[in-house]
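All remarks here apply to the structure that follows.
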Amino acid sequence: MTTTPAYGAVSATAQLQPLTIQRRELGPRDVRVAIDFCGICHSDIHTVRGEWGPQQYPLVPGHEITGRVAQVGHEVSKHRVGDRVGVGTLVGSCGACGNCAGGHEQYCVEGPIDTYAATDRDGTRTQGGYATGIVVDEDFVLKIPDGLSLEAAAPLLCAGVTTWSPLRHWRAGPGTRVAVVGLGGLGHMGVKLAHALGAEVTVLSRTPAKRETALALGADAYYATSDPSTFTELAGSFDLILNTVSARLDLEALVDLLATDGALVSLGWPSEPMGIRVGPLISQRRSLTGSLTGGIAETQQMLDFCAEHGVVPEIEVISAYEINDAWERMLAADVRYRFVIDISTLR
Ligand code: NAP
Ligand code: ZN
């Protein structure tokens, strides 16, 4: 076991605090990553605060991890000491089911092993990237391309791939009309990636406040959902809507914005039910669906695409001792557009 300084929660209601956690001994196929940066995802808050169900504590969140390879097990062939690498939302899966074989490890039928708050193969609890190091099977370690800095690459490991995967699956590109609802960490990556893929992009945010920055991110149009005329003006307008909102909202109003055969994809993950009437789905053969992060191969593909096309998240780098404030600011949607923890401040 290796003792690792970390920052995490001892209960659902406590402020996050400095902690010491144990990482497993390096196995033959393991990579030890010295963490440089970790992004803050809204899922960290949902999980730690028990919004997705009761948790075991202490709990160290964080699944937007970048750093350098510090040590490799003797069977590791994909990574070498010193490589710039990333770890996202997954650290394991069965490797044998159809979804794993197809590169969709996030949909592993045995249940993927999440980077934190999950039971690992050895029975221990996984702990995330608000920590100075992590030990991960080499197959779940991504390569950070030279063109991306480690701090800017961090949010790509969750916010990036979570928006990339549905954009690719529903074939966003030239001639498609994509709307992104909620302009936070996921939303701003959805805008950048959809724009880079050639789609026409509209942002739907609650107020007009983010208009200028949304257009600068690559949006072609911007509407405030607080203005009722938005919903009449845009009725039937979109082939694909990515809903990245972290709270419950009126899905039926969004379904009405879909064109025939359009899809509304839930990415935002509030725990409350969000019922709708099926008529608006039936009348235009629209789909209401969801999407979970991305597989390992598509995550690498997204990282390479971002390096090639200069797609980088807008980040605010903070010290570990600002995490509690950052969580409060995130809950108030006061982040443009992702907090990234400088892990050197934990050492
Ligand atoms: P975030 O940075 O906090 O962004 C969420 C955005 O939602 C806010 O910026 C805000 O946008 C909007 N919003 C917040 N509260 C709202 C409310 N009460 N009513 C309407 N809109 C509200 O969060 P994030 O990290 O992007 O994560 C967003 C959601 O995706 C979370 O629920 C997270 O757990 C989930 N998630 C899902 C996956 C997946 O695999 N599906 C992966 C990662 C995260 P405006 O100010 O522009 O309105
Ligand atoms: Zn996340």
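The values are calculated or read from the model by the stated rules, or taken from the named source; none is laboratory data. Given the structure is predicted, the values throughout are model-derived calculations rather than measurements. Glycine also receives a Cβ, built like all others from the backbone with ideal geometry; neighbour counts cover every protein chain displayed. We work out accessible area using only protein heavy atoms, side chains counted, and drop any ligands, DNA or RNA first. Shrake-Rupley method; radii C 1.70, N 1.55, O 1.52, S 1.80 Å.
Taking the stretch 67-83 as the range and being under 22 Å from Thr20 (Cα atoms) and either open to solvent by less than 40 Å² (accessible area, probe 1.4 Å) or without any contact (Cβ under 8 Å) to a residue 24 or more places away in the chain (or both) as the test, the residues that pass are Gly67, Val69.
When residues in the stretch 280-300 are screened for being in a helix (DSSP H, G or I) and without any contact (Cβ under 8 Å) to a residue 12 or more places away in the chain, 1 of them pass. With respect to the conditions (1) more than 22 Å from the chain's Cα centre (by Cα); (2) open to solvent by 50 Å² or more (accessible area, probe 1.4 Å); (3) on the phi < 0 side of the Ramachandran plot, Arg285 lacks only one, and its number is (3).
Evaluated against (1) within 19 Å of Asp261 (Cα to Cα); (2) near ligand 1 (Cβ under 10 Å from one of its atoms); (3) not hydrophobic (A, V, I, L, M, F, W, C), Ser205 falls short on exactly one condition, (1). Cβ-Cβ distances below 6 Å connect the following pairs, each with a first residue in the stretch 45-66 that is on the phi > 0 side of the Ramachandran plot, a second residue that is in a loop (DSSP other than H, G, I, E, B) and surrounded by fewer than 16 Cβ atoms within 10 Å (Cβ to Cβ), and a separation of six or more residues or different chains: Gly50/Ala12. So if I check each of Val191, Val245, which one is open to solvent by 20 Å² or more (accessible area, probe 1.4 Å) and not basic (Lys, Arg)? Answer to the selection: Val245. If you go through the stretch 270-282 and pick out every residue that is open to solvent by less than 50 Å² (accessible area, probe 1.4 Å) and closer than 15 Å to Ser246 by Cβ, you end up with 2.
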